[in-house]
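A.B. asks: Below: one structure in structure tokens.
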Amino acid sequence: MRLSRYFLPVLKEPPSDAQIVSHRLMLRAGMIRQQAAGIYSWLPLGYRVLRRIEAIVHEEQERVGHIPLLMPTLQPADLWRESGRYDAYGAEMLRVRDRHKRDLLYGPTNEEMITDIFRAHVGSYRDLPLTLYHIQWKFRDEIRPRFGVMRGREFLMKDGYNFDVDKAAALHAYNRHMVSYLRTYERMGLTAIPMRADSGPIGGDDTHEFLVLAQTGESEVFYDDRVTALKLGARAVDHDDPAAVKAVCEEFTSLYARTDETHDEAAFAQVPQAHRKVGRGIEVGQIFYFGTKYSEPMGAVVVNDQGERVPVHMGSHGIGVSRLLGAIIEASHDERGIIWPEGVTPYHAGIVNLKQGDGAADAACEGLYAALAAKGLSALYDDRGERAGAKFATMDLIGLPWRLTVGPRGLAAGVVELTCRRTGESEEMSPEAAVDRLAQIYAAHP
Ligand code: 5CA
């Protein structure tokens with residue numbers, strides 16, 4: 001993309017009502033525009049990152065055998081009357097009435113609807129295990145929407161639902177979700193710690209939240225800091241092997257890590273003092289096992305291998321897709337702007353032309369742009385007639401992890417400059433070497 005033809009409405013002054021750094025940076029970098037309290041338009045740069053995050057979520061869900069579908073945002077109230085949640089959900093639910101005076105609601109989550117789909121089409125244990133998920137907009141009429149996309153009213157969520165014949169199989173699905181979530185967050189450059197949590201209006205006994213440590217997080221967290229060093233890395237985990245999956249979950253949940261809702265002072269006191277940490281975190285996902293809470297009242301039953309009709313065991317599993325943009329920026333920025341991890345960056349590299357209109361510089365930039373594209377790498381080329389300082393400031397603000405700087409002086413010596421946004425370190429090399437280096441870097445971030 002050439003910046004002269006792009007739509008990147010950067011702001012000079014951050015609006016005064018944006019309280020936290022991620023919200024300020026998303027507005028300054030022209031990523032979002034607020035349309036009403038907690039409701040945002042996604043401008044091109046923000047939308048590009050949002051789609052990147054969605055793509056990673058899809059890839060990691062499909063990797064472990066979960067199946068995507070798409071349910072609507074509007075749901076009939078009658079489904080929620082069956083589960084008893086229509087009245088229980090309270091003022092957070094946005095209720096609508098259509099022209100035929102039928103009650104609808106803008107879905108805050110989809111347990112009822114997915115249970116309806118399941119009961120209509122599945123009747124035998126032979127069709128299990130089954131996990132269906134979608135990425136769809138949700139609406140929760142939060143009393144205090146704030147911090148930009150972090151606590152919106154309309155927000156994008158990945159929500160998945162497992163159907164299993166018994167509790168043991170459903171707990172395997174729970175563990176499989178935990179492992180796939182760990183991989184999902186790692187690919188986004190995040191350390192998200194699974195913490196035992198409270199189930200709230202979703203219900204159920206077993207639940208973990210995934211928290212990204214950040215001073216601006218809304219949850220208070222208590223943890224053994226050795227948990228922050230755990231990494232899944234490139235290891236292969238057989239997601240169909242319950243013991244292997246459980247072993248990974250145990251590794252990630254045996255050290256103390258809890259939110260204030262489930263915090264236990266006596267257990268926390270057992271953590272060696274040097275590792276005992278209290279901090280704040282951003283909840284970027286939550287997994288639940290709730291057994292037959294929805295399948296029983298809604299009649300989602302299967303015939304098991306004994307010929308008996310039994311309600312299916314279920315769980316639901318959510319990732320805050322739009323919230324993740326805020327969480328990633330909270331975890332990765334400096335005083336000049338955003339620093340995108342390679343896995344989610346909107347463009348792989350920025351190209352800054354120090355002397356637009358200079359024949360050699362223009363040609364070298366066009367050459368780099370094409371050579372990157374040939375390797376499957378996207379570039380944002382600043383081809384405007386601006387001063388170098390202004391171009392650098394824009395690149396730093398929008399946070400592309402790698403910048404190529406091209407100018408007549410370097411070209412005379414046959415080199416361009418490759419700069420790492422995170423460390424600020426620059427290296428001069430031939431344009432070909434720079435393209436090869438970027439291809440190598442991104443090979444590790446598919
Ligand atoms: N049905 C379950 C799991 S699918 C569910 O709704 N879980 S949840 O309530 O925990 O939401 C899942 C994730 O959505 C949360 O972990 C959080 O990251 C994100 N989320 C929840 N509320 C908001 C909000 N108001 N704004 C942005 N993201 C939110």
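The values are calculated or read from the model by the stated rules, or taken from the named source; none is laboratory data. What you see is a predicted model; the values in this text were computed from it and never measured. So basically every Cβ, Gly included, is an ideal-geometry build from the backbone, and we count neighbours across all protein chains shown.
A.B. asks: In this structure, is residue 44 modelled with pLDDT of 95 or more and touching a strand residue (DSSP E or B) at 6+ places or on another chain (Cβ under 8 Å)? Can you show your working first?
C.D. replies: Details: modelled with pLDDT of 95 or more: yes; touching a strand residue (DSSP E or B) at 6+ places or on another chain (Cβ under 8 Å): no.
Criteria not met by residue 44.
A.B. asks: Now for a different question. Mind checking which residues of the range 110-144 are assigned to a strand (DSSP E or B) and either within 19 Å of the chain's Cα centre (by Cα) or away from the ligand (no atom under 16 Å from the Cβ) (or both)? Write out each step before concluding.
C.D. replies: Keep residues of the range 110-144 that are assigned to a strand (DSSP E or B), which gives 124, 130-139.
Correct list: 124, 132, 133, 134, 135, 136, 137, 138, 139.
A.B. asks: Could I ask something else about it? Do you know which of the residues in the range 385-405 that are in a loop (DSSP other than H, G, I, E, B) and touching a strand residue (DSSP E or B) at 6+ places or on another chain (Cβ under 6 Å) is farthest from residue 28 (Cα to Cα)?
C.D. replies: Restricting attention to the range 385-405, the residues satisfying the condition of being in a loop (DSSP other than H, G, I, E, B) are 385-387, 399-401.
From what is left, the residues that are touching a strand residue (DSSP E or B) at 6+ places or on another chain (Cβ under 6 Å) are 399-400.
Numbers: 399: 12, 400: 15 Å.
Here the residue is 400.
A.B. asks: Let me confirm something: among 281, 315, 350, which residue is outside any loop (DSSP other than H, G, I, E, B), more than 16 Å from the ligand (Cβ to nearest atom) and buried (at least 22 other Cβ atoms within 10 Å of the Cβ)? Spell out the reasoning first.
C.D. replies: Values: 281 fails: more than 16 Å from the ligand (Cβ to nearest atom); 315 fails: more than 16 Å from the ligand (Cβ to nearest atom).
So the residue among 281, 315, 350 that is outside any loop (DSSP other than H, G, I, E, B), more than 16 Å from the ligand (Cβ to nearest atom) and buried (at least 22 other Cβ atoms within 10 Å of the Cβ) is 350.
A.B. asks: Being surrounded by fewer than 14 Cβ atoms within 10 Å (Cβ to Cβ) and not in a strand (DSSP E or B) is the filter here; which residues of the range 29-46 pass it?
C.D. replies: Once the filter is applied, which keeps residues that are surrounded by fewer than 14 Cβ atoms within 10 Å (Cβ to Cβ) and not in a strand (DSSP E or B), the range 29-46 yields only 37.
A.B. asks: Given (1) out of contact with any strand residue (DSSP E or B) (no Cβ under 7 Å at 6 or more places or on another chain); (2) touching a residue at least 60 places away in the same chain (Cβ under 8 Å), identify the lone condition not met by residue 196.
C.D. replies: Of (1) out of contact with any strand residue (DSSP E or B) (no Cβ under 7 Å at 6 or more places or on another chain); (2) touching a residue at least 60 places away in the same chain (Cβ under 8 Å), only one is false for residue 196: (1).
A.B. asks: Has the range 353-369 got at least one residue that is touching a residue at least 60 places away in the same chain (Cβ under 8 Å), touching an Asp or Glu at 6+ places or on another chain (Cβ under 8 Å) and not assigned by TED's automatic domain parsing to the domain that holds residue 29?
C.D. replies: No, there is no match, as no residue in the range 353-369 is touching a residue at least 60 places away in the same chain (Cβ under 8 Å), touching an Asp or Glu at 6+ places or on another chain (Cβ under 8 Å) and not assigned by TED's automatic domain parsing to the domain that holds residue 29.
A.B. asks: If residue 56 satisfies every condition in (1) assigned to a helix (DSSP H, G or I); (2) more than 26 Å from residue 329 (Cα to Cα) but one, which is the exception?
C.D. replies: (2)
A.B. asks: Another one. Find all pairs meeting these conditions: Cβ atoms under 9 angstrom apart; at least six residues apart or on different chains; first residue within the range 150-161 and outside the structural domain of residue 108 (by TED's automatic domain parsing); second residue more than 6 Å from the ligand (Cβ to nearest atom) and of a type in the set (A, V, I, L, M, F, W, C).
C.D. replies: Matching pairs, first to second residue: none at all.
A.B. asks: If a residue has to be surrounded by fewer than 22 Cβ atoms within 10 Å (Cβ to Cβ) and more than 10 Å from the ligand (Cβ to nearest atom) to count, how many in the range 145-168 make the cut?
C.D. replies: 4
A.B. asks: Could I ask something else about it? Would you mind telling me which numbered condition in (1) part of a helix (DSSP H, G or I); (2) touching a Phe, Trp or Tyr at 6+ places or on another chain (Cβ under 9 Å) residue 19 fails?
C.D. replies: (1)
A.B. asks: Taking the range 307-334, which residues are within 8 Å of the chain's Cα centre (by Cα) and not basic (Lys, Arg)?
C.D. replies: Let us first name the residues in the range 307-334 that are within 8 Å of the chain's Cα centre (by Cα), namely 319-325.
Once the filter is applied, which keeps residues that are within 8 Å of the chain's Cα centre (by Cα) and not basic (Lys, Arg), the range 307-334 yields 319, 320, 321, 322, 324, 325.
A.B. asks: If you go through the range 319-343 one residue at a time, how many are within 16 Å of the ligand (Cβ to nearest atom) and of a type in the set (Val, Ile, Thr)?
C.D. replies: Initial filter on the range 319-343 (within 16 Å of the ligand (Cβ to nearest atom)): 319-331.
Narrowing the set further to residues that are of a type in the set (Val, Ile, Thr) leaves 319, 321, 328-329.
The number of residues fulfilling the criteria is 4.
A.B. asks: While we're looking at this one, here's another question. Looking only at the range 229-272, count every residue that is within 21 Å of residue 284 (Cα to Cα), charged (D, E, K, R) and in contact (Cβ under 8 Å) with a residue 12 or more places away in the chain and tell me the total.
C.D. replies: The number of residues fulfilling the criteria is 5.
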